[in-house]
1. When we measure straight from the Cα of LYS55, which lysines land under 18 angstrom away, once same-chain ones fewer than 8 places off are left out?
2. Sum -39500 (n - 2.57) across every DSSP H segment of at least 4 residues in the chain, then divide by the residue count to get the 222 nm mean residue ellipticity, nearest 500.
3. Most exposed first by the Cβ proxy, i.e. fewest other Cβ within 10 Å, how do ASP270, ASP178 rank?
4. Quick check: residue separation of LYS102 and GLU87 times 0.36 nm, minus the Cα distance between them. What number comes out in nm?
5. Through the Karplus equation 6.51 cos²θ - 1.76 cosθ + 1.60, θ set to phi - 60°, convert the phi angles of the range 74-85 into ³J(HN,Hα) values in whole Hz; use x for Gly and Pro.
6. So, with +1 on the Cβ of K and R and -1 on the Cβ of D and E, and no other charges, what is the size of the charge dipole of the chain about its Cα centre, to the nearest 20 debye?
7. Taking the Cα centre of the range 109-163 as the origin, how large is its charge dipole in debye, to the nearest 20, when only Lys and Arg (+1) and Asp and Glu (-1) carry charge on their Cβ atoms?
8. Under the 0.36 nm per residue contour assumption, what length would be gained going from the current alpha-carbon distance of GLU79 and HIS266 to full extension?
Amino acid sequence: MTINAQVTPGAQDYLNTLLAKQEVPGMAARVYVDKGGTSQAETCLAFCPPGEESKSDVRRDFGDLTLYFDALSVPFLQEMEIGLQGEGKLQTLTIKAPNSKKPAKPPKSFRLSQDCEALRVPHGNAVTLPEGADVTITQALGGSFTVKYEGNLYRLSPEVTRKLGLQTDMVIFEPPEDGLISEQQCRDSLRQVYDPEIPVNVVSLGLIYNLDIDQDKKAVRVRMTLTSPGCGMGDIIAGDVKDKVRQVPHVRGCQVDIVFDPPWSHDNLDEEARLELGLI
């Protein structure tokens, strides 16, 4: 993993002086983005004593200055520049990260940097993809990835993709000022849950039958179905629904009920899904 970043000579001298004042041999600095890919993104620079950098960090040396870049933040830090403004005691660092608020685009293919737990699609059985495996991304939506390896499809969970340093299109919600659970945010969160085989979310597929919000208990109950009672990924999709809803501000609990009455049919598809599936 590489990063295209610049540090002006003046900023290098300023940072080296600042690091030297810490009186810690080998002191470096670490750069990361908080809430990358969203309108709330903030680019941060912090002291990094020897040994406190992450194994996945990307190291860059700018003359005598060493910076570590958080692997998860690298897509948002491409083309960044650290500069210096002002004179004398009024000098301050400036950080320009033009891509920090832009959703990161995942690569089309990559090599696994470690053994990865995955679920085979559509059966749902757990497997381990080996370190060094070359995989092709067929879908990267809602925080999880579907990859092709040796002719088969596998789903990588958001937890696994984060460890690999991959970025997704996850949405971060602003807490409503009234302190209540927003039904719209709940429905928007459900639109981040996708079928692992096709790039269509569960709302557009017509899998969500009902959504009840208990404002007193700060709980949400989702009634949903699956395209088939024998769907091997059913528990995984239901788990994704629960996880996404619980990320909505003020939600403390979520219950997901899977039902098959009425049974799902193609009539449940909305226009977006029909377009995606070529049915219009």
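1. By straight Cα distance, LYS55 reaches LYS163.
2. -4500 deg cm²/dmol
3. ASP178, ASP270
4. Full extension from LYS102 to GLU87 adds 2.2 nm.
5. 3, x, 8, 9, 4, 6, 6, 9, 9, x, 9, 10
6. In debye, rounded to 20, the chain gives about 300.
7. The calculated dipole for the range 109-163 is roughly 160 debye.
8. 62.8 nm
FYI, it's all coordinate maths here, none of it is from the lab. This is a predicted model, so every value here is computed, not measured. Cβ sites come from the backbone with ideal geometry, for glycine too, and all protein chains shown count toward neighbours.
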